[in-house]
Amino acid sequence: MLKIKNKAIIEHAMDAFKTNGILDLSIIRGYKKEKISFPNVTYFENSDFMTNNILHSLMNARPKIEQAISSKEDIIVSYSDIWYEPAVVRQLIQSKELISAVVDTDWEEYYEGRTDHPIEEAENVIFDDSQHILKIGKHIITEKKLKENQGEFIGLWKFTPEGAQIFLDTFDQLNNKLGMTDPYQNTKEWQKSYITDIFQELTDRNVKIHVTVIQKGWKEFDTVQDFKKAGGELPDQTE
């Protein structure tokens, strides 16, 4: 909700969708949910935000995902702490593959001087020549020869109805098998899983996740340093 150019970070994302004709918007709220209130938006609540993470938070909006499946519509999902140009959304919309993830291949320069969120924290992606994910997650080490097929997942992706159904079915299978505190992929607890964890699971199951390649045109806000570098000014008093 902090403002860049007199507009909350999340509002910039909403505007990028609206510019591309996407008007059916939903937000999953958790921490200080009362601070997030926009007109013409559907809200879902993550009451377990203190103990879960992105994947399980997203599942609070399952009714919306199922609605998209039943109405045979694509659905785009976005982290809420990122800014991106409308052109990035436009490019993502054009993908017709089951699941498409936006990956920046010109990402490393963004980490120059970013001491509070070092490069090791990047959600990296290695993809093949057909632009399908091979590996995804933090702390991925690549050989130099693969450099041109590597980038950073920015936290924006799209499901077709069929892709969304595969995603839900995979989640359900895992959720029925794992306890909330069981380890899973690169996380110590299933309940704290990232989207990148289940994307790696899907990849391991030979589900093709397409990479929508961009070069810059986005920013991530993980720290006060990130916010200030983008020209943001913190309010005099923060709650």
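Quick notes on this one:
- Amide N of the range 74-104 lying under 18 Å from the label point, which is placed 7 angstrom from the Cα of Asn206 along Cα→Cβ: 98-99
- 10 Å beta-carbon shell around Met180, net charge (K/R +1, D/E -1): -2
- Neighbour-limited loop hits for trypsin sites (Lys or Arg not before Pro), the range 163-239 (at most 16 other Cβ within 10 Å; DSSP other than H, G, I, E, B): Lys188, Arg205, Lys208, Lys216
- Temperature 10 °C, viscosity 1.306 mPa s: under these conditions the Stokes-Einstein estimate for the range 1-60, based on its Kirkwood radius over C-alpha pairs, is 126 µm² per second.
- Look at where the Cα atoms of the range 143-204 and of the range 31-45 average out, and the two centres are 26 Å apart.
- In the range 1-74, GluC sites (Glu not before Pro) in a DSSP loop with at most 13 other beta-carbon atoms within 10 Å: Glu73
- Pair Thr181, Thr223: separation of 7 Å Cα→Cβ label points (nm): 3.1
- Expressed per residue, the C-alpha convex hull volume of the chain stands at 135 Å³.
- Cross-link reach is defined here as a Cα-Cα straight distance under 24 Å, omitting same-chain residues fewer than 8 places apart; for Lys32 the lysines meeting it are Lys3, Lys5, Lys7, Lys64, Lys192, Lys219, Lys228.
- About the centre of its Cα atoms, the range 66-212 shows a dipole size close to 340 debye [charges on the beta carbon of Lys, Arg (+1) and Asp, Glu (-1) only; nearest 20 debye].
- Karplus (6.51, -1.76, 1.60) ³J(HN,Hα), θ = phi - 60°, over the range 209-220, in Hz, Gly and Pro reported as x: 10, 7, 9, 8, 7, 10, 10, 6, x, 7, 9, 10
- Qualifying GluC sites (Glu not before Pro) in the range 105-203, DSSP loop, other Cβ atoms within 10 Å at most 13: Glu112, Glu143
Coordinate-derived values only; no laboratory data. Owing to the predicted nature of the structure, the values given are computational and were not obtained by experimental measurement. Please note: Cβ atoms are built from the backbone with ideal geometry, for glycine as well, and neighbour counts cover all protein chains shown.
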